[in-house]
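Input: a single structure, listed below in structure tokens.
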Amino acid sequence: MTLNTGQSEHDSHDRLLHVSRFESVRKLTMPKQLLPRLIDAHVHTDDDRFENILDEVLSKARIANVVAQIVPSICARRWPNVKSVCARHNELFACYGLHPCFQAEHTAQHIEDLATWIGREKPVALGECGLDYFIENADKPFQQQLFAAQLALAREFNLPIVIHARRAVDDVIELIKSADHHKGMIHSFNGSAQQAKRLIDLGYKLSFGGAVSYNRATKLRAMLAGLPLDAILLETDAPDQPDATHTGQLNQPGYLPDVLAAISVIRSEDARVIAKATTKNAIDLFGLPTKVLAKKKNTI
């Protein structure tokens, strides 16, 4: 989850370039009769902004052949919301954690509560958690304490961990190494190529969303272009971080094909190949039921 949803002065220009550059890719690789199966590896489907339109949002995602969504939580008070929305929809899979941007809400007791919650609810991952040094009044020691405790829980329960890292990637890497936990993902990754390699070597996947579709993201695109495909996941982080074709709109999991199209161009790689690999990566990482791979009519 990214709290800053403001758009820069370059967004309208980026959007025009994105449409002209990527529209042909979308038409070529994703005709209605042959849609690739996709998994949104990070989406806040429980967000209150979706409450009154959730059925429509999920319908659009299904039409886009988003066959599964990984739904992380941000704080203890939201765990029941995540549980409820995932229980009502078979394609939604819950994660529970304590997000660093909500540090003011978290207490040491919440770590004990999280252990109890995970043991009872059996989520597919722990998260969203991590470090965010960009937010105002970031309490770095407290964030590090919470993150280390959640890494320990992920290892105890043998769960992958969903990590938020903003202006804190090196410290995230060091805490991962200290915890000796080697299963998880960094969502909306925006680090360097060197940091990416270190994380991949530690067993982590890197997830990418709408940020890659903006032409100003030159360093991010260059790093993404050189990554091994078996280390990549796709995400929307909806309702935040819309891609360039949906600037200023409420982001949705149904927009994941636009992220795929952008990455296809950036990597000069067939969208179907990327879709197949990233879907497998998500299924393997989160231990999703193989039924999400079941072939449906009009899909590949």
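The values are calculated or read from the model by the stated rules, or taken from the named source; none is laboratory data. Not measured: the values here are computed from a predicted model. Because the Cβ atoms are built from the backbone with ideal geometry, glycine has one as well, and the counts that use them run over all protein chains shown.
Residues in segment 208-263 that are of a type in the set (A, V, I, L, M), in a loop (DSSP other than H, G, I, E, B) and out of contact with any Leu (no Cβ under 8 Å at 6 or more places or on another chain) were compared, and the one that is surrounded by the fewest Cβ atoms within 10 Å (Cβ to Cβ) is LEU250. For first residues located in segment 116-138 and touching a residue at least 24 places away in the same chain (Cβ under 8 Å), partners that are among the charged types (D, E, K, R) and lie 6+ apart or on another chain with Cβ distances below 6 Å form the pairs LEU131/ASP171; ASP132/ARG166; TYR133/ARG167; PHE134/ARG166; PHE134/ARG167. Look at (1) more than 21 Å from ALA282 (Cβ to Cβ); (2) among the polar types (S, T, N, Q); (3) touching a residue at least 40 places away in the same chain (Cβ under 8 Å) and you find that SER192 fails only one, number (3). Pull up segment 128-180, narrow it to residues that are surrounded by fewer than 19 Cβ atoms within 10 Å (Cβ to Cβ), within 20 Å of the chain's Cα centre (by Cα) and among the aromatic types (Phe, Trp, Tyr), then point me to the one that is nearest to HIS106 (Cα to Cα). Among them, the one singled out is TYR133. State yes or no: is CYS95 in contact with a strand residue (DSSP E or B) (Cβ under 6 Å, 6 or more places away or on another chain) and either assigned to a helix (DSSP H, G or I) or aromatic (Phe, Trp, Tyr) (or both)? In short, no. Against the conditions (1) part of a loop (DSSP other than H, G, I, E, B); (2) under 24 Å from SER73 (Cα atoms), LYS205 satisfies every one except (1). Quick one: would you say THR45 is surrounded by 12 or more Cβ atoms within 10 Å (Cβ to Cβ), at pLDDT 95 or above and polar (S, T, N, Q)? In short, yes. Among the residues of segment 69-81, at least one is modelled with pLDDT of 95 or more and in contact with a Gly (Cβ under 7 Å, 6 or more places away or on another chain). Can you name every residue in segment 61-85 that is outside any helix (DSSP H, G or I), over 15 Å from ALA115 (Cα atoms) and without any contact (Cβ under 8 Å) to a residue 60 or more places away in the chain? Selection gives VAL71 alone. Taken together, the residues in segment 127-145 that are part of a helix (DSSP H, G or I) and in contact with a helix residue (DSSP H, G or I) (Cβ under 7 Å, 6 or more places away or on another chain) amount to 3.
Have a look at HIS42, HIS99 and point out the one that is closer than 16 Å to ASN251 by Cβ and either touching a residue at least 60 places away in the same chain (Cβ under 8 Å) or touching a Lys or Arg at 6+ places or on another chain (Cβ under 8 Å) (or both). Spell out the reasoning first.
Details: HIS99 fails: closer than 16 Å to ASN251 by Cβ.
Going through HIS42, HIS99 in turn, just one is closer than 16 Å to ASN251 by Cβ and either touching a residue at least 60 places away in the same chain (Cβ under 8 Å) or touching a Lys or Arg at 6+ places or on another chain (Cβ under 8 Å) (or both): HIS42.
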